[in-house]
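The values are calculated or read from the model by the stated rules, or taken from the named source; none is laboratory data. Since we're looking at a predicted model, the values are computed, not measured. With ideal geometry, Cβ positions are generated from the backbone for all residues, glycine too; neighbour counts draw on all protein chains shown.
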Amino acid sequence: MPSPLLAQTPGETLLLLGNEAIVRGALEGGVGFVSCYPGTPSSEVPDTFFRMSRDGDYRFEYSTNEKVALEVGAGAALAGTPTLVTMKHVGVNVAADPLLTLSYITAPGGLVLLSADDPGCHSSQNEQDNRHYARLAGLPCFEPATAQECKDMTRDALLLAQRTGQPVLLRTTTRVNHVRGPVTLGSLPAQKTRKEFARNLQQYVPIPAHSRVQHRQLLDRLAAIGREAEASPWNKVSGQGTLGVIASGVTRCYLRDALLEEGIEGSVKVLDLGLSYPMPDGLLLSFMEGLEKVLVLEELDPLVEEHVRALAQRKGISIEVLGKGEALPLWGEYSTQMVRQALRQALGRQSHAPQHCAPEGGLAMRPPNLCAGCSHRSAYYTVREVFGDEAFYSSDIGCYTLGLLPPLSMADFLLCMGSSVSTGSGFASASGRTTIGFIGDSTFFHSGVTGLINAVHNDHDILVVVLDNRTTAMTGHQPHPGVDATALGPNPRKVEIEPLVKACGVEHVITVSPLNHKASRKALEAMKALKGPRVIIFQDPCVIHERRTTGKGKPQVAVAAESGQGCLDVLNSLACPAFVKEDGQVRVDEELCSGCMYCLQLDKSFKAKKRGA
């Protein structure tokens, strides 16, 4: 049955995730091409498009990395097709090279780039504020705060991109992506719009002579869009008083709650910035008239605050601008209580210590952990057996990063996606120490191949361990070039990693199942005796993905038949979450046990039994 997101039912109200609302907004904007690299908190957007792809009138693809996703999307937009490209905030770093040139040459069909930022580092290695990219590349920037706005702003961003040819940034944050709220649907276009590509070397081929002209044209387009922003319905003023508040993104929701809790709704002048770049200077100037103070609310960097300060100074306006400080930090997420605290300070009311967004006290600690039966755990266990603390471990982005904690302790440093091979190579070259780089299969296709080619070219002494669980597990089991099957069926054009590694020039390559302890140990000991770039591919399907795609689980579970010292040693060194320690004794939780039977290979105290017996 087709998804309700594809239905032509204007006026109907659905309860949608922010990311699902973005999908509907893109459809209402006439999207015809969608590309991505999955990454939390953006993943539900492409995943929803993927699930609907058999019924939807658009082309969808998971790309090998964000740069490729944007380049493919740019090609589609150059061919005249309205295009959406999605990724998480750090992915825009990977896509930055084509992005900054695409804004020069334009995308006639219309292109919107979804950057899902992650204040608070819920699932990311940094908190970067990608509104900087709007300013760096010259992209109009929309910042929704509710599920309804996610839908409506995505539609308007795509329509703006189609009308002007200027790529547009849709900047969300984790709270907005994962908010759930009522969304009233609009109409889907009766037919897809598509512009014919007209050859124009001066416009689309950015050699230096053309680029100098294109830059001035870009500035002219931004100025025109800035004039539109003055009257945009997404930039609106409400309330009155001598205190003004300018809010962007999800802080607008916190502000509404804070005003209500303080009982000052309507008595504070508020400017909601939904289209936050180019800045509507005329609107800002009229907003500041009659104000004594203006408080600026924005998560992470003070971009709006600094613009307001500069604008007031340039125009000779005497006004106190409040923003980042004790109550409103440069890091993490805001909360209603933090905004309320800032309001009280601005109003001269008695205030309390700022309350940052944090979990409630008393909750049980649940450190991140690899799943029961995860093949990464067995791979790490055997690597530690063979190399111990003598080696240094270069990690990467993926499920396997969870192996950083004791007792596995398999991450000494980590930089960014695909960096483990390159960073490990540099570390080995500079230190002369044994170095092992861990990288997942999806990450290897994403950006690990180039690091491996570099290791071969420069003869780096590094053992690369590719943890191939046949899916992109961390972000929701999205397909990549090497998967056996997807949720929609078999992968007809599978790219195997071992031939690719050999084609990169690696002479010593072994593929082995990490759940076979004896074979894995033998392979690792053989590699330990060698020098230069060499690769072990630990290949075994993700247990959760395999269950979802095949509908079958392993028919056995493990039991601790003799809970002695051997069991305790395995528990303390393997730390499988299916193990339970009670009164000094070990047992296996049969509901959690995946049936991998790895523990049976480590100690004879563990036995197998038929599941459910």
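Quick one: which of S395, S442, S422, S429 is of a type in the set (G, A, S) and within 28 Å of V570 (Cβ to Cβ)? First the steps, then the outcome.
Values: S442 fails: within 28 Å of V570 (Cβ to Cβ); S422 fails: within 28 Å of V570 (Cβ to Cβ); S429 fails: within 28 Å of V570 (Cβ to Cβ).
None of the others qualify; the one that does is S395.
So how many residues does the stretch 481-520 have that are modelled with pLDDT of 95 or more, of a type in the set (V, I, T) and either in contact with a Cys (Cβ under 6 Å, 6 or more places away or on another chain) or buried (at least 17 other Cβ atoms within 10 Å of the Cβ) (or both)?
Of the residues in the stretch 481-520, 5 are modelled with pLDDT of 95 or more, of a type in the set (V, I, T) and either in contact with a Cys (Cβ under 6 Å, 6 or more places away or on another chain) or buried (at least 17 other Cβ atoms within 10 Å of the Cβ) (or both).
Within the stretch 444-451, is even one residue in contact (Cβ under 8 Å) with a residue 24 or more places away in the chain, under 17 Å from S378 (Cβ atoms) and surrounded by fewer than 19 Cβ atoms within 10 Å (Cβ to Cβ)? Before the answer, list the steps.
So the first thing to find is which residues in the stretch 444-451 are in contact (Cβ under 8 Å) with a residue 24 or more places away in the chain, and the list is 444-451.
This time we only want the ones that are under 17 Å from S378 (Cβ atoms), so: none.
Within the stretch 444-451 (the criterion being in contact (Cβ under 8 Å) with a residue 24 or more places away in the chain, under 17 Å from S378 (Cβ atoms) and surrounded by fewer than 19 Cβ atoms within 10 Å (Cβ to Cβ)), the answer is no, since none of the residues qualifies.
Against the condition more than 20 Å from the chain's Cα centre (by Cα) and of a type in the set (D, E, K, R), how does D441 come out, does it pass? First the steps, then the outcome.
Working: more than 20 Å from the chain's Cα centre (by Cα): no; of a type in the set (D, E, K, R): yes.
Judged against the criteria, D441 is not a match.
Collect the residues in the stretch 214-226 that are of a type outside the set (A, V, I, L, M, F, W, C) and surrounded by 13 or more Cβ atoms within 10 Å (Cβ to Cβ), keeping them in residue-number order. Full working, then the answer.
Just the residues of the stretch 214-226 that are of a type outside the set (A, V, I, L, M, F, W, C), to begin with: 214-217, 220-221, 226.
Within the stretch 214-226, Q214, H215, Q217, R221, G226 qualify.
Filter the helices (runs of 4 or more DSSP H) completely within the stretch 428-544 down to those with at least 1 residues that are outside the structural domain of V92 (by TED's automatic domain parsing) and within 27 Å of Y37 (Cα to Cα).
Working: elements: 449-457, 497-503, 517-528.
Helices (runs of 4 or more DSSP H) meeting the threshold: 449-457, 497-503.
One line per residue, one yes/no per condition, for (1) touching a Cys at 6+ places or on another chain (Cβ under 7 Å); (2) in contact (Cβ under 8 Å) with a residue 40 or more places away in the chain; (3) not small (G, A, S):
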site: P407; (1), (2), (3): no, yes, yes
site: M410; (1), (2), (3): no, no, yes
site: M417; (1), (2), (3): no, yes, yes
site: G424; (1), (2), (3): no, yes, no
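I'd like to know if the stretch 257-273 contains one or more residues that are in contact with a helix residue (DSSP H, G or I) (Cβ under 9 Å, 6 or more places away or on another chain), in the same structural domain as A145 (by TED's automatic domain parsing), more than 27 Å from T154 (Cα to Cα) and not in a helix (DSSP H, G or I).
Looking for residues that are in contact with a helix residue (DSSP H, G or I) (Cβ under 9 Å, 6 or more places away or on another chain), in the same structural domain as A145 (by TED's automatic domain parsing), more than 27 Å from T154 (Cα to Cα) and not in a helix (DSSP H, G or I), one finds none in the stretch 257-273, hence no.
Taking the residues in the stretch 574-591 that are without any contact (Cβ under 8 Å) to a residue 24 or more places away in the chain and of a type in the set (A, V, I, L, M, F, W, C) as candidates, determine which candidate is surrounded by the fewest Cβ atoms within 10 Å (Cβ to Cβ).
The residue in question is V580.
For the stretch 123-161, name all the residues that are under 26 Å from T193 (Cα atoms) and either part of a loop (DSSP other than H, G, I, E, B) or not assigned by TED's automatic domain parsing to the domain that holds T13 (or both).
Result: G138, L139, P140, E143, P144.
Quick check, is R252 in the same structural domain as N200 (by TED's automatic domain parsing) and either modelled with pLDDT of 95 or more or in a helix (DSSP H, G or I) (or both)? Quick ask: steps written out before the conclusion?
Details: in the same structural domain as N200 (by TED's automatic domain parsing): no; either modelled with pLDDT of 95 or more or in a helix (DSSP H, G or I) (or both): yes.
Judged against the criteria, R252 is not a match.
Would you confirm whether or not the stretch 573-583 contains a residue that is under 24 Å from R521 (Cβ atoms) and over 39 Å from the mean Cα position of the chain (by Cα)?
Filtering the stretch 573-583 down to residues under 24 Å from R521 (Cβ atoms) leaves 573-579.
Narrowing further to those that are over 39 Å from the mean Cα position of the chain (by Cα): none.
Within the stretch 573-583, not a single residue is under 24 Å from R521 (Cβ atoms) and over 39 Å from the mean Cα position of the chain (by Cα).
Across the stretch 162-206, which residue is farthest from R24 (Cα to Cα) among those that are among the charged types (D, E, K, R) and outside any helix (DSSP H, G or I)?
First pass over the stretch 162-206, keeping only residues among the charged types (D, E, K, R): 163, 171, 175, 180, 192, 194-196, 199.
If we keep only those that are outside any helix (DSSP H, G or I) too, we end up with 171, 180, 192, 194-196, 199.
Values: R171: 17, R180: 14, K192: 15, R194: 19, K195: 22, E196: 25, R199: 33 Å.
Within the stretch 162-206, the match that is farthest from R24 (Cα to Cα) is R199.
If we keep just the residues of the stretch 3-40 that are of a type in the set (A, V, I, L, M) and part of a strand (DSSP E or B), which is farthest from the chain's Cα centre (by Cα)? Let's see the steps before the verdict.
Step one: of the stretch 3-40, the residues of a type in the set (A, V, I, L, M) are 5-7, 14-17, 21-23, 26-27, 31, 34.
Of the ones still in play, those that are also part of a strand (DSSP E or B) are 14-17, 34.
Details: L14: 25, L15: 23, L16: 20, L17: 16, V34: 16 Å.
That would be L14.
How many residues does the stretch 512-532 hold that are more than 27 Å from A372 (Cβ to Cβ) and of a type in the set (A, V, I, L, M)?
Going through the stretch 512-532 one residue at a time, the tally reaches 4.
Can you name the number of the only condition in (1) touching a Gly at 6+ places or on another chain (Cβ under 7 Å); (2) surrounded by fewer than 21 Cβ atoms within 10 Å (Cβ to Cβ) that E298 fails?
Result: E298 passes all but (2).
I want to confirm something. Restricting to the stretch 396-418 and keeping residues that are at pLDDT 90 or above and buried (at least 24 other Cβ atoms within 10 Å of the Cβ), which single residue is farthest from N93 (Cα to Cα)?
M410
How about the stretch 53-75: which of its residues are part of a helix (DSSP H, G or I) and either among the hydroxyl-bearing types (S, T, Y) or over 18 Å from R155 (Cα atoms) (or both)? Give the derivation first.
Just the residues of the stretch 53-75 that are part of a helix (DSSP H, G or I), to begin with: 66-75.
Answer for the stretch 53-75, where residues must be part of a helix (DSSP H, G or I) and either among the hydroxyl-bearing types (S, T, Y) or over 18 Å from R155 (Cα atoms) (or both): E66, K67, V68, A69, L70, E71, V72, A74, G75.
Report yes if A77 is buried (at least 24 other Cβ atoms within 10 Å of the Cβ), under 15 Å from H446 (Cβ atoms) and either assigned by TED's automatic domain parsing to the domain that holds G39 or not β-branched (V, I, T) (or both), otherwise no.
Working: buried (at least 24 other Cβ atoms within 10 Å of the Cβ): yes; under 15 Å from H446 (Cβ atoms): no; either assigned by TED's automatic domain parsing to the domain that holds G39 or not β-branched (V, I, T) (or both): yes.
Criteria not met by A77.
Here's a check for you: in the stretch 552-572, which residue that is of a type in the set (A, V, I, L, M) and surrounded by fewer than 20 Cβ atoms within 10 Å (Cβ to Cβ) is farthest from R377 (Cα to Cα)?
To start, the set of residues in the stretch 552-572 that are of a type in the set (A, V, I, L, M) comprises 557-561, 568, 570-571.
Then drop every residue that is not surrounded by fewer than 20 Cβ atoms within 10 Å (Cβ to Cβ), which leaves 559, 561, 568.
Numbers: V559: 19, A561: 22, L568: 17 Å.
Filtering first and then ranking leaves A561.
Answer yes if at least one residue in the stretch 266-282 is in contact with a strand residue (DSSP E or B) (Cβ under 7 Å, 6 or more places away or on another chain), among the charged types (D, E, K, R), touching a residue at least 24 places away in the same chain (Cβ under 8 Å) and closer than 24 Å to T164 by Cβ, and no otherwise. Spell out how you get there, then give the answer.
To start, the set of residues in the stretch 266-282 that are in contact with a strand residue (DSSP E or B) (Cβ under 7 Å, 6 or more places away or on another chain) comprises 268-277, 280.
Those still in the list that are among the charged types (D, E, K, R) too: 269, 272.
From what's left, touching a residue at least 24 places away in the same chain (Cβ under 8 Å): 269, 272.
Those still in the list that are closer than 24 Å to T164 by Cβ too: 272.
Checked against the condition, which is being in contact with a strand residue (DSSP E or B) (Cβ under 7 Å, 6 or more places away or on another chain), among the charged types (D, E, K, R), touching a residue at least 24 places away in the same chain (Cβ under 8 Å) and closer than 24 Å to T164 by Cβ, the stretch 266-282 yields at least one hit.
A quick yes/no check of all residues on (1) buried (at least 22 other Cβ atoms within 10 Å of the Cβ); (2) farther than 30 Å from L201 by Cβ; (3) more than 23 Å from the chain's Cα centre (by Cα):
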| position | (1), (2), (3) |
| --- | --- |
| S42 | yes, yes, no |
| R54 | no, yes, yes |
| D57 | no, yes, yes |
| E71 | no, no, no |
| T86 | yes, yes, no |
| V92 | yes, no, no |
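Have a look at S594, S605, S563 and point out the one that is under 37 Å from the mean Cα position of the chain (by Cα) and hydroxyl-bearing (S, T, Y).
Values: S605 fails: under 37 Å from the mean Cα position of the chain (by Cα); S563 fails: under 37 Å from the mean Cα position of the chain (by Cα).
Testing whether each residue is under 37 Å from the mean Cα position of the chain (by Cα) and hydroxyl-bearing (S, T, Y) leaves just S594.
Which members of the stretch 97-122 meet the condition of being in a helix (DSSP H, G or I), surrounded by fewer than 16 Cβ atoms within 10 Å (Cβ to Cβ) and either within 18 Å of the chain's Cα centre (by Cα) or without any contact (Cβ under 8 Å) to a residue 40 or more places away in the chain (or both)? Lay out the reasoning, then the answer.
Step one: of the stretch 97-122, the residues in a helix (DSSP H, G or I) are 97-105.
Within this subset, residues satisfying the condition of being surrounded by fewer than 16 Cβ atoms within 10 Å (Cβ to Cβ) are 97, 100-101.
D97, L100 - these are the residues of the stretch 97-122 that are in a helix (DSSP H, G or I), surrounded by fewer than 16 Cβ atoms within 10 Å (Cβ to Cβ) and either within 18 Å of the chain's Cα centre (by Cα) or without any contact (Cβ under 8 Å) to a residue 40 or more places away in the chain (or both).
Select from the stretch 280-324 the residues that are part of a helix (DSSP H, G or I) and among the acidic types (D, E) and list them in ascending order.
D281, E305, E306
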